[in-house]
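Notes for the one structure printed next.
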Amino acid sequence: MSEPLMPATRPGNGPGAVTLSLPDAAATAQVGAVIARALGELAREVPVVVCLEGELGAGKTTLARGLLRALGHAGRVPSPTYTLIEPYELDGLPVHHLDLYRLADEEELLFLGASDWLDRPGLTLVEWPERAPGMLARADLRLMLALAGEGRSLTVHAASVRMDAVVAAVTDALERDGT
Ligand SMILES: Nc1ncnc2c1ncn2[C@@H]1O[C@H](COP(=O)(O)OP(=O)(O)O)[C@@H](O)[C@H]1O
Ligand SMILES: [Mg+2]
C-alpha cells in the first residue's frame, strides 16, 4: 500500500459529484443498489475501490448491505468491525467489504492479504478509509454520508473519471423517482 495507484482526482462537488438526501435506511440501501448496478460490470474487468465515509452511524454499512444484496448476496451481511474484512464472491465477482475503524497500522492490511486482491478485477468497499491513506488514495468512488435531521445526506463523488457513469446513473435514478 506504500505506492498507491493514483486515480485522476478532482475537487469534491465538482461536475463529477451529486448530493442527495436519504430520508430513511431503506433509501440508503436503495442507493447502494443503484450504485451496484452502475459499477458491477466494470468491477469484473478492473479493480474498483469504493470508499464509504462518514461518522459512526452515518449509514456506511447500510449502504454496503444494499450494494451487496443488489449484486446477488442473499445471506446476512455482518459489519466487518472486528474482522476488518468480509470477503464475498457474487456470481464470480470478488467483493471485499472492509471496516478499518480498528485498524492500528496501514501495514496490517498487507497481513490481511489486501495485496492479493487489490490489483485484480473486483470490488472493494471500504468503511473508514481515512484509517489507511493508501486506500483513500486509490478510491474510484467516494460515498460521503452525513447525519441530516432524522435522515442522512449522501454525496457521490467520482474520484476517477471512469466513475462518471456511476454519478450519472445515481442522478438518473433520482430524476426517475422525481425527488
Ligand atoms: N438514511 C437514513 N435515515 C435514517 N437512518 C438511517 C439511514 N441510513 C441508515 N440509517 C440507520 O442508521 C443506523 C446506523 O447505520 P450503519 O449503516 O450501521 O452506520 P455506519 O456503518 O456508518 O456506522 C442504522 O440503524 C441504520 O438503519
Ligand atoms: Mg459500519
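Shown here for segment 28-113: GluC sites (Glu not before Pro) in loop regions (DSSP other than H, G, I, E, B) with at most 14 other Cβ atoms within 10 Å, namely Glu45, Glu55, Glu107.
What's the whole-number percent of alpha carbon pairs in segment 17-157 lying beyond 23 angstrom? Every Cα pair in segment 17-157 considered, those over 23 Å come to 27 percent.
Using 0.36 nm per residue of separation minus the Cα-Cα distance, give me the extension gain between Glu106 and Asp119 in nm, one decimal.
The Glu106-Asp119 span can extend by a further 3.0 nm.
When the Gaussian network model of the chain links Cα atoms closer than 10 Å, the mean-square fluctuations of Val126, Val95, Val18 top out at Val18. Averaging the sequence gap over all C-alpha pairs within less than 8 Å and six or more residues apart, then dividing by the number of residues, gives the chain a relative contact order of 36 percent.
Give the whole-number value, in cubic angstrom per residue, of the convex hull volume spanned by the C-alpha atoms of segment 77-116. Walk me through the numbers before you get to the answer.
Values: hull volume 2.4 nm³, N = 40.
Hull volume over Cα atoms, normalised by residue count, gives 59 Å³.
For segment 20-89, the list of trypsin sites (Lys or Arg not before Pro) that fall in a loop by DSSP and count at most 11 other C-beta atoms within 10 angstrom reads Arg76. Within the chain, helices built from complete DSSP H runs that reach 18 Å or longer along their own axis (Cα positions) and carry a mean Kyte-Doolittle hydropathy of 0.5 or higher are 25-43.
Every read-out reported here was derived from the displayed coordinates using simple, explicitly stated rules and does not represent laboratory data. Note that the structure is predicted; figures quoted are calculated from it, not measured. As a convention, Cβ positions derive from the backbone with ideal geometry for all residues, glycine included, and neighbour counts pool all protein chains shown.
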